[in-house]
Amino acid sequence: MEPNGIDSTSETTSNILSPPVESSSATPESERTKWITLNVGGEIFTTTRLTLTNRDPNSMIARMFAQEQLKPSEQDAQGAYLIDRNGHYFRPILDYLRHGRVIYDKHVNLQGVLEEARYYGLDGLVLLIQEIQQTDVSLTRLDFIRTLVTSSHTTELRFQGVHLSGINLSKLDLRNINFTYACLSHCNLSYADLSGCCLERAELRFANLEGAKLHSVLATCADLEGAKLNCCDLTSCSLESANMKGATLEGSVMERVSLRVANLKSANMRNCTLNNADMAGANLEACDLTGCNLTGANLRGANLKGAQLEMLVTPVHMSQIDI
């Protein structure tokens, strides 16, 4: 017995045998974060971590929320994880992660869901949507001409998200038609007049647009990989963030065209007229610019690695390429 009546032996034994009291913060991480709230473009969704990671473990969204993988994004004031994408198309994405099927209503553009599926790296959903699109009844050239003939020139024709892959629309007057999200891959649009059309996020991979008029076309984020665009009129066309990898644009008029942050890797742009073109931040790696007129063109921040710049009409000034 120690002084003041304290038994040191019993105190020591008590400390050894009594387990430490666990605080609430010691709750397993998987239990505390089982339910997850997402803020996708301002729309709120609540789901589980398992739903986001189980269907396609190798997808970007799965890796964002998998344990010990990439950290999720920043959170809003309510703790929801912020994703800067279109919330309108996210509900079919979430339903696919839950059920493994494509579920959407008539108010949802399937092409928009396809673009989001590609962004999130959901290869399984991409294949399902493409199968649905392939089973759609495709329009023929005659169907298309009938639509043009029976429509007033003041009527806005809308072919948004329509599957037109492989159709022959050559030499037709297609001015001011809305082709947003339309699938026009492998189409024959040679010598067609597409002036004023909206081709935003349209798919035109390996399409033939030789000699086509594309004056003032809006084609932001369009996919033109491998497309044939030689001898086209692309004056004042907006191709910002477009994918034009391996495209052929030889001899095209591209004055005042916007190619900001566009991907033109390995593209053939020989003898193009690019006066006052905006090519800031564009990927021009291995691009053939031989014989081009780049007077007044903005090349600041562009990737010119391996680009061919021989026989230019006027030498490129340092002020055009300074970052």
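Could you sort out which of Lys213/Lys265; Lys171/Lys228; Lys171/Lys265; Lys213/Lys245 sit more than 19 Å apart by Cα distance in this structure?
Pairs exceeding the cut-off: Lys213/Lys265; Lys171/Lys265; Lys213/Lys245.
A convex hull fitted around the alpha carbon atoms of segment 31-135 yields 93 Å³ per residue.
What FRET efficiency would be calculated for the residue pair Leu142, Asn58, taking the C-beta separation as r and a Förster radius of 45 Å, to the nearest 0.05?
Values: r = 44 Å, r/R0 = 0.98.
My answer for the efficiency is 0.55.
Suppose the Debye formula is applied to equal point scatterers at every Cα of segment 168-256; what is log10 I(q)/I(0) at q = 0.12, 0.16, 0.23 Å⁻¹? Relative scattering, expressed as log10 I(q)/I(0), comes to -0.26, -0.48, -1.14.
Pairs of Cα atoms under 8 Å, at least six residues apart: use those to get the relative contact order of segment 178-323, whole percent.
Working: 532 pairs, mean separation 20.0, N = 146.
Value for segment 178-323: 14 percent.
Relative to the current alpha-carbon distance between Ala77 and Gln130, full extension at 0.36 nm per residue lengthens the span by 15.3 nm. State the Cα centre-to-centre distance between segment 173-198 and segment 204-263 in whole Å. Their Cα centres are 12 Å away from one another. Heavy atoms of the protein chains alone define the surface here; on that basis segment 31-135 has 57 Å² accessible area per residue at 1.4 Å probe size. Kirkwood hydrodynamic radius computed over segment 137-322 comes to 16.3 Å, based on all pairs of distinct alpha carbons.
Reported to two decimal places, what Rg/Rh ratio describes segment 190-229 when computed on Cα atoms with Rh from the Kirkwood expression? Result: Rg/Rh = 0.93. In terms of accessible area, using a 1.4 Å probe and ignoring ligands and nucleic acids, Glu250, Glu74, Glu225, Glu156 rank largest first as Glu74, Glu156, Glu250, Glu225. Peptides 295-302, 83-90, 257-264, ordered by how many other C-beta atoms sit within 10 Å of their residues on average, highest first, read 257-264, 295-302, 83-90.
If I take every Cα pair under 8 Å that is 6 or more residues apart in segment 41-101, average their sequence separation and divide by the length, what percent do I get for the relative contact order? The partial results should precede the final answer.
Values: 50 pairs, mean separation 21.9, N = 61.
Across segment 41-101, relative contact order equals 36 percent.
The charge dipole of segment 31-135, taken about its Cα centre with unit charges on the Cβ of Lys, Arg, Asp and Glu (plus for the first two, minus for the last two), comes to roughly 240 debye. Taking the protein heavy atoms of segment 31-135 in the context of the full set of protein chains, the accessible area attributed to carbon and sulfur is 46 percent at 1.4 Å.
Can you give the Kirkwood hydrodynamic radius for segment 213-323, in Å, rounded to one decimal and based on Cα pairs? It works out to 13.1 Å.
How much accessible area per residue does segment 137-322 have, counting only protein heavy atoms and a probe of 1.4 Å, in square angstrom?
Numbers: 8110 Å² over 186 residues.
So segment 137-322 comes to 44 Å² accessible per residue, rounded to a whole number.
Carbon-plus-sulfur accessible fraction, segment 210-278 (probe radius 1.4 Å, protein heavy atoms only): 40%.
The values are calculated or read from the model by the stated rules, or taken from the named source; none is laboratory data. Since we're looking at a predicted model, the values are computed, not measured. Every residue, glycine as well, gets a Cβ built from its backbone with ideal geometry; the counts of neighbours run over all protein chains shown. Remember, those area values only see protein heavy atoms, side chains included, never the ligands or the DNA or RNA. Shrake-Rupley method; radii C 1.70, N 1.55, O 1.52, S 1.80 Å.
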